[in-house]
Amino acid sequence: MTFDGGASNAGAQRILDTLAAHDVPATFFLTGRFAQTYPGLSRTIGSRYPVGNHSQSHPDLTTLSRAAAVDEIRAGRASIKQYAGVESRPLFRFPFGARNATVIGLVNDECYVAYRWTVDTLGWKGTSGGMSAATVHDRVLDSLQPGQIVLMHLGAHPQDGSTLDADALPRIIESIRARDYTFVTLTQ
């Protein structure tokens with residue numbers, strides 16, 4: 001289970017509570033801006049889970065100059081270290097999943113390994129985007145396979161305020177365990 005924090009924190013506490021209640025390890029990718037905006041939450045996440053760099057402000061790195069992309073990577077690392085209290089290396093996730101050979105090389109040069117996902121819950125689309133907690137659950141379970149990396153988000157949809165990933169998480173965990181799968185962090 002991986003969780004990106006780049007916008008709001010609306011579902012974050014429920015996600016943390018659910019992970020703790022079910023004793024599920026996870027990996028988090030925070031933007032530097034998220035860590036700055038929610039320092040207490042970021043420090044809590046950093047004290048419990050591996051935290052990776054999701055850039056400083058979540059731009060599409062493929063659209064930036066080399067220097068600007070490196071600045072985003074380095075600023076994200078510095079903010080995560082300052083506000084979450086942890087080193088984000090070697091975990092990196094490209095904003096929007098957007099990458100090319102150039103930005104992959106830049107990330108690697110900064111001593112990061114980039115992680116994508118095998119299934120995006122699409123909970124970030126919210127109810128206004130036609131999603132529900134049930135469809136989020138079904139997306140994960142319909143693609144379940146060994147080594148699966150699930151992408152979820154900590155925040156709410158900006159217009160409708162739905163927190164579908166947080167809503168679906170307890171049932172997802174129960175369903176995955178019912179199929180005899182276990183959970184690990186990316187570092188494991």
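Quick note: the coordinates plus some simple rules give every number you see, no bench work behind them. Values in this document were obtained by computation on a predicted structure and should not be read as measured data. Every residue, glycine among them, receives a Cβ derived from its backbone with ideal geometry; neighbour counts consider all protein chains shown.
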- Query: Per Stokes-Einstein, at 20 °C and 1.002 mPa s, what whole-number D in µm² s⁻¹ belongs to segment 115-156, with the Kirkwood radius over Cα pairs as the hydrodynamic radius?
  - Reply: 201
- Estimated FRET transfer efficiency when R0 is 30 angstrom, pair Asp138-Ser47 (beta carbons, to 0.05): 0.35
- Note on the structure: The whole-number value in µm²/s of the Stokes-Einstein translational diffusion coefficient for segment 88-183, with Rh from the Kirkwood sum over alpha carbon pairs at 37 °C and 0.692 mPa s, is 223
- Query: What order do you get for 42-53, 173-184 when each peptide is scored by the mean count of other beta carbon atoms within 10 Å, highest first?
  - Reply: 42-53, 173-184
- Message: Give me, ordered by chain and number, the residues 5 or more places off Phe94 or on other chains with an amide H under 5 Å from its own placed amide H.
- Response: Tyr115
- What does the highest-first list of 67-80, 94-107 look like by mean Cβ count within 10 Å? 67-80, 94-107
- Query: To the nearest 0.05, what FRET efficiency results for Phe96 and Asp71 with a Förster distance of 22 Å applied to their C-beta separation?
  - Reply: 0.80
- Message: Pick from Asp142, Asp167, Asp120 the residue whose mean-square fluctuation is largest in a GNM of the chain, springs joining Cα atoms under 10 Å.
- Response: Asp142
- The orientation-averaged projected area of the Cα convex hull of segment 1-45, in nm², is 2.8
- Query: Helix 39-48 versus the longest principal axis of the chain: what angle, 0 to 90°, nearest 10, using Cα atoms?
  - Reply: 70
- For segment 124-134, 3J(HN,Hα) per residue [Karplus equation, 6.51 cos²θ - 1.76 cosθ + 1.60, θ = phi - 60°, Hz, x = Gly/Pro]: 5, 6, x, 5, 5, x, x, 9, 8, 4, 5
- List the extent of the Cα atoms of segment 13-102 along each of their three principal axes, largest first, rounded to whole Å. 43, 23, 20
- Tell me which residues come under 5 Å, amide H to amide H, from Gly52 once H is placed; ignore anything under 5 positions away on its chain. Phe28, Phe29, Leu30
- Item | Mean shadow area of the chain over all directions, Cα convex hull, nm² | 9.8
